[in-house]
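Remarks on the structure that follows.
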Amino acid sequence: MNSPTQSVEQAAAGARLLGLLARDLPPDRLTSAPLDVAPYATDRSGAPAGGEPLAVVHARRTDDVTTALRHADALRVPVVPRGAGTGLSGGATAGEGSLILDLSRMNRILELSPDDQLAVVEPGVITADLDRAAAAHGLRYAPDPASAAISTVGGNIATNAGGLRCAKYGVTRDSVLGLEAVLADGTVVRTGRRTVKGVTGYDLTALLTGSEGTLAVITAATVRLRPVPVDTATLAASFDTFDAAADAASAITAAGIEPAMAELLDGPVLAAIDAAEGTTLRERGAALLIVQCDGAGARAEAERVVTVLKGRAASVTVAADEAEAGALLAARRLALPALERLGRPLIEDIAVPRSRLAEAVRAIEEISARRGVPVFTLAHAADGNLHPIIVVDPALPELPEAAWETAGDIFAVALKLGGTLTGEHGVGLLKRQWIAEELGADNHALQRRIKAAFDPYHTLNPGKAV
C-alpha cells in the first residue's frame, strides 16, 4: 500500500502527465473522465482493476505510443497496454493511477504480399479479419484462437496465443517474423525480418512474443501467411466418459497422426452449449472429440483417425460437407460464451505432455469431486492444452477461497505431470503467485533481470507476467 506521501506524489505525477498528453497528442486521443475510463480498467477475465486508472490514450499511430510512453516513463506512471480486452488472465487490468494505452484503433493491414506469403499489420487488427484478407489470395493466418472473431493480432502476440489449429501449425510465435515495438522510454525498435530464416543477433521477436506488454508495446507485426489447404475432413466422436475421450485423443497422436485440430469437450460444457444454443450435443455422450485433418491427404488421414477411434468411441460421424463441419467448430467456439451465461468463468490454461492428457483429466475430475467445486473442461487435445473452467457467482466481490484452492490443485497436477501453468493465455495477474513454482528461483530471477533491462523503472504493465 502506498504511503500518504507516495499517494500525493503519484497524484501530482498523474496530473502532470495528463497535461503533457493533452498538449502533445491530437485532441481525440485522450480520455480522462472516470466514467469513460472505467470500461477499460479490466479485461474478459473479470479480474478486479484494484483502483481507478488515470486515463486512456487511444493510439492511432506509433507516434502516439512513443509520446505516451516517453512522458509516462519520465514521470514513473505505470502504463497498461490493451487491445480488445479479451484476455483471460488479467493481463490488461489497470490499477490505481495507471495510464491505459488502447491500441485497438491501430487496426490497419499495412501490407499483404501473396508472393512472400506475409502481411504487415498494426496491433489492433482483428485476427479473423486478417485471416479473411489473406483468404482472398488463397492464404490464411494460421493462429486460430477461439476468440479470433473479437481478439486482436497484437493481443495474440502479447500472450503468444494458441488456438484450434496450433497442434499442426504452431502457436502465434511460429507465425511472427518481425515486430515494431516501442520501449518504455519511447524508443522504437524493429526486430526480426521478412524472411522465414534469420539468426542474426538474439531473437528479440520471440522474446517479445508472449511478454504480455511488460517489455515493450507492439505497434506493428510482420506475420507469416500459409496456403489454404486444398481439402479438409472433419469428424466428431462421442464417448461414454471424458476419460475415454482423452485416452482416444492421445491414441491419435501415438498413431503418428497429425490432425490440424482435435478439440475435446466434457459433458458439463456440452450441456452449457445446449442450454445456450438449443443444440443436443450432450445427448450424444459424456464427451465430444472434434477432429479436423487438412491438406491433400485429409480424407485418408481422417480414415486413419476413424480406425483409431473404433472400439473407443460410442459413435463416430464424419461431416458430410463444409456446413456440417462449420457447425461443429462453431459449437466449440461458443463454449466460453455459453459458460459466461452461467456466471463468471475462472479459466485455467494448463498444458501437459500429450501422452498424459488422460491422467490430467482424471486428476481434474478427482479435484472437482474432492473440493466440491464444479469444473467445466475443454481441451486442445492434440497438444495437451486443457482449459479447466470454474464458474463463480459474478455478484461476489472476490473469488471464493474454494475456487482458488481448486485452481491451485489443478496447477500442482500440471507441474507434477511435467506440464505448465499456462499454455496460451499468459500469466497476467491471476497466475503470478504460482509462477515461481514452475520457473524455479534462478530462472525467475533471470527473467526479472531481463524485465529490468527493457524497463528499468518498471512502468510497463507492472505486476504482470513475472
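Take the residues in region 54-96 that are under 13 Å from Val217 (Cα atoms) and of a type in the set (Ser, Thr, Tyr), then tell me which one is nearest to the chain's Cα centre (by Cα). Among those that are under 13 Å from Val217 (Cα atoms) and of a type in the set (Ser, Thr, Tyr), it is Thr62.
The condition of being closer than 27 Å to Leu130 by Cβ and either among the hydroxyl-bearing types (Ser, Thr, Tyr) or in contact (Cβ under 8 Å) with a residue 40 or more places away in the chain (or both) holds for only one of Leu69, Leu99, that being Leu69.
Contact annotation: residue pairs with Cβ atoms under 7 Å, 6 or more positions apart or on different chains, pairing a residue in region 228-257 that is within 13 Å of Ala360 (Cα to Cα) with a partner that is surrounded by fewer than 24 Cβ atoms within 10 Å (Cβ to Cβ) and hydrophobic (A, V, I, L, M, F, W, C), are Phe242/Ala286; Asp243/Ala358; Ala246/Ala358; Asp247/Ala358; Ser250/Ala358.
Per-residue answers, yes or no, for (1) of a type outside the set (Phe, Trp, Tyr); (2) touching an Asp or Glu at 6+ places or on another chain (Cβ under 9 Å); (3) loosely packed, with under 14 Cβ neighbours inside 10 Å; (4) touching a residue at least 12 places away in the same chain (Cβ under 8 Å):
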residue	(1), (2), (3), (4)
Gly14	yes, no, no, yes
Leu20	yes, no, no, yes
Leu25	yes, yes, no, yes
Ala33	yes, no, yes, no
Pro48	yes, yes, no, yes
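In region 293-326, what residues are under 26 Å from the mean Cα position of the chain (by Cα) and either surrounded by fewer than 14 Cβ atoms within 10 Å (Cβ to Cβ) or part of a loop (DSSP other than H, G, I, E, B) (or both)? Selection gives Gly326 alone. From the list Ser104, Ser98, the one residue that fits, being among the hydroxyl-bearing types (Ser, Thr, Tyr) and crowded, with 22+ Cβ neighbours inside 10 Å, is Ser98. Of all residue pairs spaced 6 or more apart or on separate chains, those with beta-carbon atoms under 7 Å, a first member in region 259-284 that is among the polar types (S, T, N, Q) and a second member that is surrounded by fewer than 19 Cβ atoms within 10 Å (Cβ to Cβ) and in a helix (DSSP H, G or I) are Thr280/Asp274. Exactly one residue out of Ala441, Ala436, Ala379 is surrounded by 18 or more Cβ atoms within 10 Å (Cβ to Cβ), aliphatic (A, V, I, L, M), more than 30 Å from Val188 (Cβ to Cβ) and not assigned by TED's automatic domain parsing to the domain that holds Val77, and it is Ala379.
Checking each residue in region 236-261 for being touching a Cys at 6+ places or on another chain (Cβ under 9 Å), buried (at least 16 other Cβ atoms within 10 Å of the Cβ) and either closer than 19 Å to Gly163 by Cβ or assigned by TED's automatic domain parsing to the domain that holds Tyr169 (or both) picks out Pro259, Ala260, Met261.
All told, Ala407 meets the bar of being crowded, with 20+ Cβ neighbours inside 10 Å, part of a helix (DSSP H, G or I) and in contact with a strand residue (DSSP E or B) (Cβ under 8 Å, 6 or more places away or on another chain).
Is one or more of the residues making up region 134-149 within 22 Å of Lys451 (Cα to Cα), out of contact with any helix residue (DSSP H, G or I) (no Cβ under 6 Å at 6 or more places or on another chain) and aliphatic (A, V, I, L, M)? Within region 134-149, none of the residues are within 22 Å of Lys451 (Cα to Cα), out of contact with any helix residue (DSSP H, G or I) (no Cβ under 6 Å at 6 or more places or on another chain) and aliphatic (A, V, I, L, M). Looking at (1) outside any loop (DSSP other than H, G, I, E, B); (2) of a type in the set (Gly, Ala, Ser); (3) more than 22 Å from Ala47 (Cβ to Cβ), which one does Gly418 not meet, given that it meets all the others? Gly418 satisfies every listed condition except (1).
The values are calculated or read from the model by the stated rules, or taken from the named source; none is laboratory data. This one's a predicted model, so the numbers in the text were calculated from it and none came from an experiment. Every residue, glycine among them, receives a Cβ derived from its backbone with ideal geometry; neighbour counts consider all protein chains shown.
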